[in-house]
Amino acid sequence: MIDAVTPAEGTAPAPAGRGLWSRYLRRPVGVAALAVFLLVVVAGLLAPLLAPHDPNFVDFALTQAPPDSSHWMGGDSAGRDILSRLLFGARTTLYGAAVACLTGIALGVPAGVAAGYFGGLTDRVFSWISDAVQSVPGMIVLLIVAAGTGADFTVLMVTVGAFMAPGYYRISRSRALAVRKEPYIDAARVAGLTHVKILHTHVLRAVHAPVIIQSALTAGIAMGMQTGLQFLGIGTASEANWGQMMNDGFRTMLTHPLILLWPSAALGITIAALAFMGSTLADLVSVRGEPAPRRRRSAEQAPEEATDRTGALVHPVEASALRIDNLRVSYRTPHGDKRVVRGVCLDVAPGEVLGIVGESGSGKSQTVFSALDLLPADGRATADGIWIGGQPVGDLSRAGRHALLGTRIGYVPQEPMSNLDPCYTVGHQLMEPLRAVHKLTRAQARERAREVLLRVGITDPDRVLACHPHQISGGMAQRVLIAGAVAGNPSLLVADEPTTALDVTVQAEVLELLRELQREYGMALVIVTHNFGVVADICDRVAVMKDGRVIETGAVEQIFAHPGDPYTAELIKASQDDTESRAELDAAWNKAGRTVRA
Amino acid sequence: MIRFTLRRLLSGAVLLVVVTSASFFLAHLAIGDPTPGLLGDSATPAQRAALREQLGLDRPLMTQFWDWLSHAVRGDFGTSWRNFQPVSDQIELRVPVTLSIVVAATLLAAVVGLVVGVATGLNPGGVLARVLKLASVVLFALPGFWVSLMLVMAFAIKLQWFPAVGYVPLSHSGTQWLRSITLPSIALALGAIVMIAEQLRNGFQEVNNQDFVRTLRARGLSARRVTVHVLRNASPAALTVLAVMFVGLLGGAIVVEIIFNLPGIGSLTQSASQIGDIPVLLGLTVVTVVFVVLVNFLLDLVLGWVNPKVREK
């Protein structure tokens, strides 16, 4: 019943802006929830004025009476007016929830801020206490406390609040931790501000929005616990309260269900209102921002902007390994569709190496993902035609296109560590496609995996097969990924920035490995890169991309000698300015004696 | 692996000792003199003093504490102050009832939460995902006893599908037992179901955006096989919620048991707290914390199996 799992957690909340309140009022669910909650608050505050009768006045004629004109909700088993008791009960409910929230805030927020801001021992001690409190079934402790204090209501709600403190602790800690890493905190330190002052001005400001959201949740849970206790007969027996009313109704539920229904509805609606207020606020504050508009059918989409074909097709269709004709890619965003590729044409022949060069955001990766049919769900690609191995893929079903992956096409990703599944061994990840896609037996798959690992320069394949990704180095992970890409004997290898994430010394080895494999298997190789150095090393032809268009294409020597576009010249110059790292790279390469290093 | 296990067991033992010790002092501090509760208001001061002496309450608190702790570590929780029956006998009688509904609720939450979580994770824009989001907001906050009352009204009284109250032991009749724990288990599980489903749905979205999922697709793996990878990566957060929920369910079971008139630890806790029967209350605390420690230990083992990286931290 007590727990501090908060739906708000995990979505890093941005600081509450000034517009939060007005944005909240634009959410119908939030407005409705707030209105209901305010109604309960007003009912509770004005109960002495609003209640038609004394909540404790007993009129035997009213015992279990059905609703009538002067007793709108009828009478309870003791002959008291239910509506009046409900109104006065709202006071008790709200008071208890407020006490619990304030206790939770008073205990959890300072401890969380201190733990997140100072870290170290403070963090460890407080976090241990918080975990310990969370692993105690609070109801039992509450009953122990209730046994002694003669069931003093305020003390009970303070205890409830203590069990809510871990929820506040965790959100305050994670916010303080995030703020601590911000550069302006260091600046404030250098400027001579004391910790107390920084905590007060910067950290508390970052913490307050999540604390409000947490309070909406906590208040709801505290109301549940409070009525639960009152239901058991613990708490304010003398004053009207919803839990005791529910108990009364529970006992006469068979004959007079209405007596149970009224307080249950009041409690359910109040808690639901708090929950929706909390979730609306959490939606507004979370950095995820507005949800993207729903996927629309392509027919309803804005007419395609007329685009010119860019780039060139130099091989006949039947002699191409990959051919892309007039590719357009767009992404749905909250502000409408964003075009990232505008009319790209390119092709590559078997045995040829094509480089796609451009700075980040030029659409080069999107181009290859479209060819592989691997765009994210909110991306959309259209083309006049895409051919793989001379076959038009537009004629194929989605499953038919998918069947090309891992068989005709191999893919080498950019960032080696994030492209291996951390939960599975290297061996599993290499063997699973061989068994599932290529229908090899377990033994055959293992043999093939060993073989390709040896081929990519891993000298102890059996050990590496048994490793999990976190147990191998980045360079080795990239070799594993290359092994995975070529294990299925593809005729087309697509490598997306295959060396960018690697150490300079490893980069040269990986490029050399790709070239060797490309020649050995006679594959067509498409390399996406921002680095003309890579192009010079390995490519036959190059397509230069900018703003989703191919601005120049041609043989590598020709482009290096006579760049047709100033942007190309700039890119070439940038990679040559990088001579230091190039020299370093070559030196390392020679030093390694051209032996492949694991 | 062995060091990991030992370390986990040790920290569980420390938690157990700290929490139960704290409960000991809290109970004595809160209750003070239990004799009015035990003997009633009509007892004379002499009778009360005699009972205090008999229960050993006239000794210094630290002496009482060491006495209790040294017996407790050997599994002896003393006798009830009310009926002088061994505490462990009473708890033994009632734990199976509570465990029946808590374990059933946990299984229900795990299975239904998994199915709904995967279904909404695979289709995050679908109708089910919207319903889940709505349900998770409300059901997370609504207390189990409130849900119990609604379920009783609907399914036991209106539709009469299930008995409203009472417990049939498993040894007596399997189907009757199942019928008697169905509503209480559902009442306890509803909140946990939506929390776990919501956690999995979020996890799916996060994992789906990770690079290795695209690479798995690029290797030609079927959608079903990729889903297995995504699920395994998304499950740690959901499993953690399940373990936290288990603690919550133990507490929530107390009120739910009373509503359904189940002879579990709930009614024992309630009656013991009303008369200040400290040995019974402490025995109950130890038992529940032991369950919590065991569940957390199991969770750590499972998390370590799901993603071996966590074992090495």
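I'm trying to understand the selection: among the residues of the range A:433-461, which are free of Cβ contacts under 8 Å to residues at least 24 places away in the same chain, in a loop (DSSP other than H, G, I, E, B) and within 14 Å of chain B (Cβ to nearest Cβ)? Show your work before the answer.
Keep residues of the range A:433-461 that are free of Cβ contacts under 8 Å to residues at least 24 places away in the same chain, which gives A:435-436, A:439-447, A:450-451, A:454, A:461.
Going one step further and asking which of them are in a loop (DSSP other than H, G, I, E, B), we end up with A:439-441.
The answer is A:Lys439, A:Leu440.
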* Structure fact -> If we keep only residues of the range A:217-248 that are surrounded by fewer than 24 Cβ atoms within 10 Å (Cβ to Cβ) and in a helix (DSSP H, G or I), then the residue nearest to the other protein chains (Cβ to nearest Cβ) is A:Asn247
* To do: Go through (1) within 26 Å of B:Ile258 (Cβ to Cβ); (2) over 21 Å from the mean Cα position of the chain (by Cα) one by one and return the number of the condition B:Pro96 breaks.
  => (2)
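Look at A:Ala399 and say whether it is small (Gly, Ala, Ser), free of Cβ contacts under 8 Å to residues at least 12 places away in the same chain and more than 7 Å from chain B (Cβ to nearest Cβ). Break it down stepwise before answering.
Numbers: small (Gly, Ala, Ser): yes; free of Cβ contacts under 8 Å to residues at least 12 places away in the same chain: yes; more than 7 Å from chain B (Cβ to nearest Cβ): yes.
Yes: the conditions hold for A:Ala399.
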* Mind listing whichever residues of the range A:20-47 are open to solvent by 80 Å² or more (accessible area, probe 1.4 Å) and not aliphatic (A, V, I, L, M)? => A:Trp21, A:Arg23, A:Arg26, A:Pro28
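Return yes or no: is A:Val190 at pLDDT 90 or above and β-branched (Val, Ile, Thr)? So that I can check it myself, show each step before the final result.
Details: at pLDDT 90 or above: no; β-branched (Val, Ile, Thr): yes.
It is false that A:Val190 is at pLDDT 90 or above and β-branched (Val, Ile, Thr).
Of all residues in the range A:249-262, which are assigned to a helix (DSSP H, G or I) and at the interface with another protein chain (Cβ under 10 Å from one of its Cβ atoms)? It would help to see each step written out before you state the result.
Of all residues in the range A:249-262, those assigned to a helix (DSSP H, G or I) come to A:249-251, A:257-262.
Hits for the range A:249-262 are A:Gly249, A:Phe250, A:Pro257, A:Leu260, A:Leu261.
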* **Given (1) more than 12 Å from chain B (Cβ to nearest Cβ); (2) open to solvent by less than 20 Å² (accessible area, probe 1.4 Å); (3) farther than 24 Å from A:Gly220 by Cβ, index of the condition A:Gly120 fails** => (2)
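For the condition on the phi > 0 side of the Ramachandran plot, assigned by TED's automatic domain parsing to the domain that holds A:Met157 and in contact (Cβ under 8 Å) with a residue 24 or more places away in the chain, what is the one hit in A:Gly108, A:Gly104, A:Gly119? Reasoning before the result, please.
Numbers: A:Gly108 fails: on the phi > 0 side of the Ramachandran plot; A:Gly104 fails: on the phi > 0 side of the Ramachandran plot.
Matching residue, one of A:Gly108, A:Gly104, A:Gly119: A:Gly119.
Within the range B:164-176, is even one residue within 14 Å of chain A (Cβ to nearest Cβ), touching a helix residue (DSSP H, G or I) at 6+ places or on another chain (Cβ under 9 Å) and under 25 Å from A:Met277 (Cβ atoms)?
From the range B:164-176, those within 14 Å of chain A (Cβ to nearest Cβ) are B:164-165; that's our starting set.
Then keep just the ones that are touching a helix residue (DSSP H, G or I) at 6+ places or on another chain (Cβ under 9 Å); that gives B:164-165.
Filter once more, keeping what is under 25 Å from A:Met277 (Cβ atoms): none.
There is no residue in the range B:164-176 that is within 14 Å of chain A (Cβ to nearest Cβ), touching a helix residue (DSSP H, G or I) at 6+ places or on another chain (Cβ under 9 Å) and under 25 Å from A:Met277 (Cβ atoms).
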* Asked: What number of residues in the range B:262-286 are within 20 Å of B:Val17 (Cβ to Cβ) and facing another protein chain (nearest Cβ under 10 Å)?
  -> 5
* Asked: Can you find even one residue in the range B:266-283 that is in contact with a strand residue (DSSP E or B) (Cβ under 8 Å, 6 or more places away or on another chain), in a helix (DSSP H, G or I) and open to solvent by 10 Å² or more (accessible area, probe 1.4 Å)?
  -> yes
* To do: Looking only at the range A:25-67, count how many residues are assigned by TED's automatic domain parsing to the domain that holds A:Ile271 and assigned to a helix (DSSP H, G or I).
  => 22
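For the range A:347-390, which fully contained strands (runs of 3 or more DSSP E) count at least 2 residues that are crowded, with 24+ Cβ neighbours inside 10 Å?
Working: elements: A:353-357, A:379-382, A:385-388.
Because the criterion is at least 2 residues that are crowded, with 24+ Cβ neighbours inside 10 Å, the strands (runs of 3 or more DSSP E) in the range A:347-390 that meet it are A:353-357.
Considering B:Gln199, B:Gln205, which residue is touching a Pro at 6+ places or on another chain (Cβ under 8 Å) and either outside any helix (DSSP H, G or I) or within 11 Å of chain A (Cβ to nearest Cβ) (or both)?
Values: B:Gln199 fails: touching a Pro at 6+ places or on another chain (Cβ under 8 Å).
Of the residues listed, the single one that is touching a Pro at 6+ places or on another chain (Cβ under 8 Å) and either outside any helix (DSSP H, G or I) or within 11 Å of chain A (Cβ to nearest Cβ) (or both) is B:Gln205.
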* To do: Pull up the range A:397-447, narrow it to residues that are under 21 Å from A:Tyr521 (Cβ atoms) and of a type in the set (Ser, Thr, Tyr), then point me to the one that is least open to solvent (accessible area, probe 1.4 Å).
  => A:Tyr411
* To do: Just one of (1) under 22 Å from B:Ser21 (Cβ atoms); (2) open to solvent by 70 Å² or more (accessible area, probe 1.4 Å); (3) of a type outside the set (Val, Ile, Thr) trips up B:Gly75, so point out which.
  => (2)
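Given the condition within 13 Å of chain B (Cβ to nearest Cβ), under 14 Å from B:Ala218 (Cα atoms) and either buried (at least 21 other Cβ atoms within 10 Å of the Cβ) or touching a residue at least 24 places away in the same chain (Cβ under 8 Å) (or both), answer yes or no: does some residue in the range A:465-481 qualify? Give the steps one after another, and end with the answer.
Filtering the range A:465-481 for residues within 13 Å of chain B (Cβ to nearest Cβ) gives A:466-472, A:477-478, A:480-481.
Narrowing the set further to residues that are under 14 Å from B:Ala218 (Cα atoms) leaves A:481.
Then keep just the ones that are either buried (at least 21 other Cβ atoms within 10 Å of the Cβ) or touching a residue at least 24 places away in the same chain (Cβ under 8 Å) (or both); that gives A:481.
Yes, some residue in the range A:465-481 is within 13 Å of chain B (Cβ to nearest Cβ), under 14 Å from B:Ala218 (Cα atoms) and either buried (at least 21 other Cβ atoms within 10 Å of the Cβ) or touching a residue at least 24 places away in the same chain (Cβ under 8 Å) (or both).
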* Only one of B:Leu69, B:Leu132, B:Leu55 is within 27 Å of B:Gly252 (Cβ to Cβ) and not basic (Lys, Arg); which? -> B:Leu132
* Structure fact -> Taking first residues from the range A:372-383 that are within 10 Å of chain B (Cβ to nearest Cβ) and second residues anywhere that are part of a loop (DSSP other than H, G, I, E, B), the pairs with Cβ under 7 Å that are 6 or more apart or on different chains are none
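One line per residue, one yes/no per condition, for (1) in contact with a Leu (Cβ under 6 Å, 6 or more places away or on another chain); (2) at pLDDT below 80; (3) of a type in the set (Gly, Ala, Ser); (4) open to solvent by less than 90 Å² (accessible area, probe 1.4 Å):
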{"position": "B:Phe4", "(1), (2), (3), (4)": "no, yes, no, yes"}
{"position": "B:Arg7", "(1), (2), (3), (4)": "no, no, no, no"}
{"position": "B:Ala13", "(1), (2), (3), (4)": "no, no, yes, yes"}
{"position": "B:Leu16", "(1), (2), (3), (4)": "no, no, no, yes"}
{"position": "B:Ser21", "(1), (2), (3), (4)": "no, no, yes, yes"}
{"position": "B:Leu29", "(1), (2), (3), (4)": "no, no, no, no"}
{"position": "B:Ser42", "(1), (2), (3), (4)": "no, yes, yes, no"}
* Asked: B:Ala187: under 17 Å from the mean Cα position of the chain (by Cα) and either outside any helix (DSSP H, G or I) or within 10 Å of chain A (Cβ to nearest Cβ) (or both), yes or no?
  -> no
* Asked: Checking A:Phe57 against (1) at pLDDT below 85; (2) open to solvent by less than 50 Å² (accessible area, probe 1.4 Å), which test does it fail?
  -> (2)
* Structure fact -> Given the conditions (1) within 29 Å of B:Gly252 (Cα to Cα); (2) exposed (fewer than 13 other Cβ atoms within 10 Å of the Cβ); (3) touching a residue at least 24 places away in the same chain (Cβ under 8 Å), every one holds for B:Pro34 apart from (2)
* Asked: Just one of B:Leu9, B:Leu15 is of a type in the set (A, V, I, L, M) and within 14 Å of chain A (Cβ to nearest Cβ); which is it?
  -> B:Leu15
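Which of the residues spanning the range A:515-537 are farther than 17 Å from A:Leu571 by Cα and more than 34 Å from the chain's Cα centre (by Cα)?
From the range A:515-537, those farther than 17 Å from A:Leu571 by Cα are A:515-526; that's our starting set.
Selection gives A:Arg515, A:Glu516, A:Leu517, A:Gln518, A:Arg519, A:Glu520, A:Tyr521, A:Gly522, A:Met523, A:Ala524.
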* Structure fact -> Quick count over the range A:147-182, residues being open to solvent by less than 10 Å² (accessible area, probe 1.4 Å) and modelled with pLDDT under 85, is 1
* In the range B:253-264, how many residues are open to solvent by less than 10 Å² (accessible area, probe 1.4 Å) and in contact (Cβ under 8 Å) with a residue 40 or more places away in the chain? -> 8
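The values are calculated or read from the model by the stated rules, or taken from the named source; none is laboratory data. Just so it is clear, the structure is predicted and the values come from calculations on it, not from any experiment. Virtual Cβ from ideal backbone geometry, glycine too; neighbours counted across all protein chains shown. Side chains are part of the model used for accessible areas, which takes the heavy atoms of the whole protein and leaves out ligands, DNA and RNA. Shrake-Rupley method; radii C 1.70, N 1.55, O 1.52, S 1.80 Å.
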